[in-house]
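J.: Structure incoming, see below.
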Amino acid sequence: MSPAAAPKTRESLLSRSAAMLVMGVCTIYFLVPVWWLFVGSSKSRGQFIDTDPLWFAEFRLFDNIGDLLAYRDGVFLVWLANSLAYTGGAALLGTLFAAMCGYALAKFRFPGREILFNVVLSGVLVPATALALPLFLLFSNFAATNTFWSVFLPSLVNPFGVYLARIYAAASVDDELLEAARLDGAGEVRTFFAISARLMFPALVTIFLFHFVAVWNNFLLPLVMLSDERLFPVTLGLYSWNTQVNQLPELRGLVIVGSLLSIAPLVVAFLSLQRFWRSGLGAGAMK
Amino acid sequence: MRATLRAVSALLISSLALTACSSGDDGQPAASACAPSAGGPVNLTYTSWIPGIEEVVKVWNAKNPNIQVKVQTGPNGNGGTYQNFFNQLKAGNAPDLGHIEYDALPSFRVQDGLFDLGKCDIVAKAKDKFVPWTWNQVSLGDQNAAYGVPQDAGPMAMFYRVDLFQQHGIEIPKTWAEYAAAAEKVRAAGGYITNFSQSDINQFAGLAWQAGGRWFANDGKEWTVNLTDDKTKKVAGYWQDLINRKLVSTVPPWTTEWDNAYNSSQAWTWISAVWGANSIATGAPKTSGQWRVAPMPQWSAGESVAGNWGGSSTAVFKSSKHPYEAAQFALWLNTSDEALSLLNEKANLYPATVAGAGLPALAKGVAFYGDQKIYEVFAQASKQVTPDFTWGPTMTATYANASDGFKKAVSGQGTLVDALTAAQSSTIQTLKSQAIPVKG
């Protein structure tokens with residue numbers, strides 16, 4: 001290292017530690033609620049009220065989980081399974097549709113392509129909240145409210161995913177590669193699955209995660225559609241319990257343990273897919 | 001939670017805008033008279049968020065193979081289920097029966113969503129089984145009508161810490177003047193006499209109800225809104241004074257902080273409804289055995305008037321094809337000893353019937369209250385609730401407005417009366433915006 005570079009290093013050390021400080025503060029800020037939730041989940045009801053909210057008292061997490069799973073014939077497990085079915089299923093299929101759609105928009109020329117794309121893009125601006133009621137009235141016409149499909153089918157749609165897929169497809173799938181595949185006699189469907197989808201894979205993970213979170217958080221649609229407790233996703237189920245806390249204070253403990261368990265799938269999804277997620281975001285940024 | 005409420009109220013607005021394009025006239029027409037359905041077993045749907053309601057309904061289903069009831073559930077009324085009812089009424093797929101609190105019944109009535117059970121001879125005949133004021137809560141001003149069957153009531157009384165009062169030689173207050181005087185002594189002893197509920201307006205409504213405040217009236221044509229009548233102002237002024245002198249704490253109700261104030265002996269009394277007995281017992285386990293229940297403090301010595309906080313009804317929606325069978329079920333649910341006992345056991349519901357006060361479960365001493373037979377106090381209170389309090393048709397909005405103002409008043413901006421004045425004018429605005437005729 002040459003002497004001339006020394007002041008530069010110091011500067012970067014300063015800015016680096018400033019960056020670390022900001023990140024450290026953010027990390028604490030984001031993690032404290034999760035920590036609170038974890039600590040709260042490990043306490044009995046009495047201790048939850050009168051011990052330090054950020055530190056452990058008697059550790060009863062597993063008893064609490066046992067109580068939760070036993071409550072009302074294990075309805076919580078049914079909710080968790082429902083959430084995974086709604087969210088996982090919709091995110092998988094939705095990602096596939098978004099990928100195909102975005103790919104087609106990026107790689108095929110056809111009349112009306114830009115109009116179609118713009119219409120899809122404008123769909124990004126319509127919040128899911130605003131669609132819940134029209135969807136309810138629509139499904140009512142087919143007497144299909146209060147069914148699995150009334151939440152699952154609307155969740156398949158993901159305009160933002162189409163937008164991302166189009167950008168990623170344009171960035172990562174080379175036209176020459178497609179031509180080579182066509183020359184070798186591969187059909188369009190086969191080309192898509194064998195070549196393009198693989199090239200787009202990191203991007204697809206990003207879309208999957210976005211979609212997963214969007215469906216997981218779409219609270220209003222199940223609230224409006226469902227009245228059979230056995231069809232509830234975990235968010236709606238916990239919310240229902242929470243609104244009954246005034247009447248049945250015992251529920252508060254269950255809501256807290258339930259919230260802790262319900263974030264587990266999200267944490268698992270993010271940690272295990274993090275590697276792809278980063279490279280996917282990067283590919284988008286390059287274009 | 002807050003965001004969800006916003007989203008729900010946004011939905012309310014958008015659903016009003018969408019009324020024009022809804023449909024739902026398919027299938028057979030709903031019944032207009034209350035007559036038994038011809039032939040075959042009847043299937044009913046019933047939406048309720050009462051904890052444990054399935055088990056109560058199971059008892060009915062086992063006994064009535066020809067009238068089978070299916071329970072549906074969801075969050076509590078203001079948490080989304082009422083809005084769902086409105087949506088379902090519009091789409092034509094509302095359940096036959098729904099759980100509706102007294103303060104929400106008028107909003108369903110003005111939207112013409114309820115079947116008038118007064119047309120059912122079995123319901124009309126059962127009228128005398130109910131405590132009169134609860135019947136007024138469902139007849140909504142027309143003595144021959146019944147837009148629901150009263151289910152439970154929330155007569156109010158005073159929970160207090162007998163040990164602390166004795167230890168410091170403070171008399172148990174019988175009037176509000178004594179209560180304010182006791183508040184000073186309690187503060188001097190390091191506690192707070194109670195917590196003023198800054199965000200749950202229902203408690204304040206119960207206090208105003210006791211004092212004779214009448215917030216709404218409906219003469220059959222028009223609504224009158226009167227959140228700032230003299231009696232209500234008197235109550236608001238009373239609590240404002242306690243807040244100004246810092247004699248009451250003001251932690252938000254139903255939080256862990258709030259539980260903790262009771263559990264750690266900081267708050268010494270709670271003016272609450274009968275169901276509050278369970279709230280304290282679960283929220284303040286360390287104080288077991290030290291609580292007692294006395295009648296609410298009175299505005300004039302020697303009076304015995306109580307307020308009411310909460311209570312609900314079982315209503316039949318207008319779209320129901322089997323109102324007669326629905327009425328049969330609703331009557332069983334809310335008058336039979338077996339159902340009332342179960343509802344009390346599962347969800348701490350206090351019956352709205354006269355005979356309900358005599359349930360075996362309500363005659364026992366309660367260990368948390370030093371084996372006091374606390375339900376005797378509430379049975380008295382239930383008889384002392386003044387009968388003519390009417391709720392308005394837009395209570396959700398009124399509560400939200402008043403609660404915003406109360407929170408400000410508690411933090412020192414404005415007063416409770418200011419908050420009520422603001423809620424008064426915004427309630428009139430809300431009524432007008434929904435094309436509900438209103439004076440002023």
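The values are calculated or read from the model by the stated rules, or taken from the named source; none is laboratory data. These numbers were taken from a predicted model, which means no experiment stands behind them. Ideal geometry is used to build each Cβ from the backbone, glycine not excepted, and the neighbour counts take in all protein chains shown.
J.: Residues of segment B:178-223 being without any contact (Cβ under 8 Å) to a residue 40 or more places away in the chain and in contact with a His (Cβ under 9 Å, 6 or more places away or on another chain), which ones?
T.: B:Lys185, B:Ala188, B:Ala189
J.: Tell me whether segment B:362-377 contains one or more residues that are touching a residue at least 60 places away in the same chain (Cβ under 8 Å), surrounded by fewer than 21 Cβ atoms within 10 Å (Cβ to Cβ) and under 20 Å from the mean Cα position of the chain (by Cα).
T.: no
J.: Can you report the number of residues in segment A:54-83 which are surrounded by 15 or more Cβ atoms within 10 Å (Cβ to Cβ), aliphatic (A, V, I, L, M) and part of a helix (DSSP H, G or I)?
T.: 7
J.: Residues of segment B:139-157 being within 16 Å of B:His99 (Cα to Cα) and touching a Ser or Thr at 6+ places or on another chain (Cβ under 7 Å), which ones?
T.: B:Ala146, B:Gly148, B:Val149, B:Pro150, B:Gln151, B:Asp152, B:Ala153
J.: What residue, among those in segment B:267-306 that are within 11 Å of chain A (Cβ to nearest Cβ) and assigned to a loop (DSSP other than H, G, I, E, B), is nearest to A:Ile256 (Cα to Cα)?
T.: Checked segment B:267-306; the qualifying residue nearest to A:Ile256 (Cα to Cα) is B:Ala284.
J.: A further question on this structure: What is the residue count in segment B:30-56 for residues that are in contact (Cβ under 8 Å) with a residue 24 or more places away in the chain and within 25 Å of the chain's Cα centre (by Cα)?
T.: 11
J.: Here's a follow-up. Here's a check for you: in segment A:108-130, which residue that is outside any helix (DSSP H, G or I) and more than 11 Å from chain B (Cβ to nearest Cβ) is surrounded by the fewest Cβ atoms within 10 Å (Cβ to Cβ)?
T.: A:Arg109
J.: Within segment A:225-256, work out how many residues are at the interface with another protein chain (Cβ under 7 Å from one of its Cβ atoms) and of a type in the set (Gly, Ala, Ser).
T.: Adding up the residues that qualify gives 2.
J.: In addition: Within segment B:165-181, is even one residue buried (at least 18 other Cβ atoms within 10 Å of the Cβ), among the acidic types (Asp, Glu) and modelled with pLDDT of 95 or more?
T.: no
J.: If a residue has to be within 14 Å of another protein chain (Cβ to nearest Cβ) and buried (at least 22 other Cβ atoms within 10 Å of the Cβ) to count, how many in segment A:208-224 make the cut? Talk me through it step by step, then tell me what you get.
T.: Keep residues of segment A:208-224 that are within 14 Å of another protein chain (Cβ to nearest Cβ), which gives A:217-224.
With the extra rule that they be buried (at least 22 other Cβ atoms within 10 Å of the Cβ), the set shrinks to A:218, A:220-224.
The number of residues fulfilling the criteria is 6.
J.: Hey, can you tell me all the residues within segment B:360-397 that are within 15 Å of B:Tyr350 (Cβ to Cβ) and among the polar types (S, T, N, Q)?
T.: Matches in segment B:360-397: B:Gln380, B:Ser382, B:Gln384.
J.: May I pose another question? Give the residue, chosen from B:Gly237, B:Gly302, B:Gly310, that is surrounded by fewer than 19 Cβ atoms within 10 Å (Cβ to Cβ) and either touching a residue at least 60 places away in the same chain (Cβ under 8 Å) or assigned by TED's automatic domain parsing to the domain that holds B:Leu340 (or both).
T.: After ruling out the rest, the residue left standing is B:Gly237.
J.: Next up: Does at least one position in segment A:131-150 carry a residue that is crowded, with 22+ Cβ neighbours inside 10 Å, outside any helix (DSSP H, G or I) and either at the interface with chain B (Cβ under 7 Å from one of its Cβ atoms) or at pLDDT 95 or above (or both)?
T.: yes
J.: So, one more: Taking the stated definitions as given, is A:Val205 facing chain B (nearest Cβ under 10 Å), in contact with a Phe, Trp or Tyr (Cβ under 9 Å, 6 or more places away or on another chain) and of a type in the set (Val, Ile, Thr)?
T.: The answer is no for A:Val205.
J.: Another one. Hey, among the residues in segment B:28-81 that are of a type in the set (Gly, Ala, Ser) and within 14 Å of chain A (Cβ to nearest Cβ), which one's surrounded by the most Cβ atoms within 10 Å (Cβ to Cβ)? So that I can check it myself, show each step before the final result.
T.: Looking only at segment B:28-81, we keep the residues that are of a type in the set (Gly, Ala, Ser), and these are B:30-33, B:35, B:37-40, B:48, B:52, B:62, B:74, B:77, B:79-80.
Filter once more, keeping what is within 14 Å of chain A (Cβ to nearest Cβ): B:48, B:52, B:74, B:77, B:79-80.
Working: B:Ser48: 25, B:Gly52: 15, B:Gly74: 29, B:Gly77: 22, B:Gly79: 20, B:Gly80: 25.
Going through the qualifying residues, I end up with B:Gly74.
J.: Which ones in segment B:81-116 are part of a strand (DSSP E or B) and within 18 Å of the chain's Cα centre (by Cα)?
T.: If the condition is that a residue be part of a strand (DSSP E or B) and within 18 Å of the chain's Cα centre (by Cα), then B:Gly98, B:His99, B:Ile100, B:Glu101 are the ones that fit.
J.: From B:Ser279, B:Ser272, B:Ser265, which residue is over 17 Å from A:Asn246 (Cβ atoms), among the small types (Gly, Ala, Ser) and in contact with a helix residue (DSSP H, G or I) (Cβ under 9 Å, 6 or more places away or on another chain)?
T.: The unique qualifying residue is B:Ser265.
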